[in-house]
Amino acid sequence: MSGSVVSELVLADAESLQDLGRYAARARALDADGAVRLQAVGPVLASWVCVLPGSGLMGTGTTLGLRTSALDVPAELDVVVPLAAVSDRVARPGERAVLPVPPMTVSVAWAAVSPPRSGWQVVGSVGSEALQRVASEGIAEVADGTPDGAGSAAVAALRERVWGRVVPLASSTADPVADVAGVAGDLARTNGDRVGGDEGADSPAYPAALAFAAYALGFLTLGGESTLSTNGRWTRLTTPAGHALTRR
């Protein structure tokens, strides 16, 4: 990360600052000791968080959340700071919508795995209800498959298996009020890590990790539609509230 003498970020309005605070709180619920990458370029602040850590030299499975905010005062900044420090500063707002930049920085592996800024190709769309089903069933499967006393390695392997599954877009357009048990059955019958077996094997698909990230970070809205895009090893889910990105 580049150094900077920027001491504060002036957001467009108080609501933007509050939204950033809620975003940080949701990210901390996933990892209380987590970090956020604050990347300001001119009038835009990009706030990156890690939802799922990747593995290996290529960072396979790295899943990130991204929320952008308008800045009232343009800035150039790229630092990684503790989520707790951001939450603390947002909780003490002043008269202006200002985020004091935390002085303490941290080093995290995921910050070095940056998705491309351009060159994305739209491959389809998926509804919020379908994404929520995938996320909820995955959360339940991880909880049910984690017995008391399970080691961290076993839990990590289960999470990687559940969230690494790919969900064909064809299966995501099913009846949004479909029986939850049926969805669970589809997950249990996963063939080749593809939800729903061979159906839609040649159709565009997305990793379940994207559904989990969008759900956990509060990006999904009732009746909403999200856009799915790809770029090399990356897949991106774009919602009105933010983006979820994962690396294959």
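The values are calculated or read from the model by the stated rules, or taken from the named source; none is laboratory data. Worth saying up front: this structure is predicted, and the values here are computed from it rather than measured. Cβ placement follows ideal geometry from the backbone for every residue including glycine, while neighbour counts extend to all protein chains displayed.
Restricting attention to segment 53-74, the residues that are in contact (Cβ under 8 Å) with a residue 60 or more places away in the chain, surrounded by 20 or more Cβ atoms within 10 Å (Cβ to Cβ) and either part of a strand (DSSP E or B) or among the aliphatic types (A, V, I, L, M) (or both) add up to 6.
Within segment 80-99, track down each residue that is in contact (Cβ under 8 Å) with a residue 40 or more places away in the chain and either outside any strand (DSSP E or B) or more than 17 Å from GLN39 (Cβ to Cβ) (or both). Listed by number, the residues that qualify are LEU83, ALA84, VAL86, SER87, VAL90, ALA91, PRO93, ARG96, ALA97, VAL98. Within segment 37-51, is there a residue that is out of contact with any helix residue (DSSP H, G or I) (no Cβ under 7 Å at 6 or more places or on another chain), farther than 17 Å from VAL79 by Cα, without any contact (Cβ under 8 Å) to a residue 60 or more places away in the chain and surrounded by fewer than 14 Cβ atoms within 10 Å (Cβ to Cβ)? Within segment 37-51 (the criterion being out of contact with any helix residue (DSSP H, G or I) (no Cβ under 7 Å at 6 or more places or on another chain), farther than 17 Å from VAL79 by Cα, without any contact (Cβ under 8 Å) to a residue 60 or more places away in the chain and surrounded by fewer than 14 Cβ atoms within 10 Å (Cβ to Cβ)), the answer is no, since none of the residues qualifies.
Of VAL51, VAL44, VAL73, which residue is touching a Ser or Thr at 6+ places or on another chain (Cβ under 8 Å) and closer than 20 Å to ARG96 by Cβ? Full working, then the answer.
Numbers: VAL51 fails: closer than 20 Å to ARG96 by Cβ; VAL73 fails: touching a Ser or Thr at 6+ places or on another chain (Cβ under 8 Å).
VAL44 is the lone residue from the list that is touching a Ser or Thr at 6+ places or on another chain (Cβ under 8 Å) and closer than 20 Å to ARG96 by Cβ.
Checking SER107, SER87 one by one, the residue that is under 22 Å from ARG247 (Cα atoms) and either of a type in the set (S, T, N, Q) or over 16 Å from the mean Cα position of the chain (by Cα) (or both) is SER107 and no other. Remark: pairs (first residue in segment 106-126, assigned to a loop (DSSP other than H, G, I, E, B) and surrounded by 15 or more Cβ atoms within 10 Å (Cβ to Cβ); second residue aliphatic (A, V, I, L, M) and modelled with pLDDT under 95; Cβ separation under 9 Å; 6+ apart in sequence or on different chains) = VAL113/MET58. Looking at segment 147-170, is at least one residue modelled with pLDDT under 85, under 16 Å from ALA208 (Cα atoms) and out of contact with any Leu (no Cβ under 6 Å at 6 or more places or on another chain)? Yes, the conditions are met somewhere in segment 147-170. Among the residues of segment 90-97, is there at least one that is modelled with pLDDT of 95 or more, farther than 25 Å from THR221 by Cβ and not hydroxyl-bearing (Ser, Thr, Tyr)? No, segment 90-97 contains no residue that is modelled with pLDDT of 95 or more, farther than 25 Å from THR221 by Cβ and not hydroxyl-bearing (Ser, Thr, Tyr). Per the listing ALA14, ALA27, the residue uniquely at pLDDT below 95 and not assigned by TED's automatic domain parsing to the domain that holds HIS243 is ALA14.
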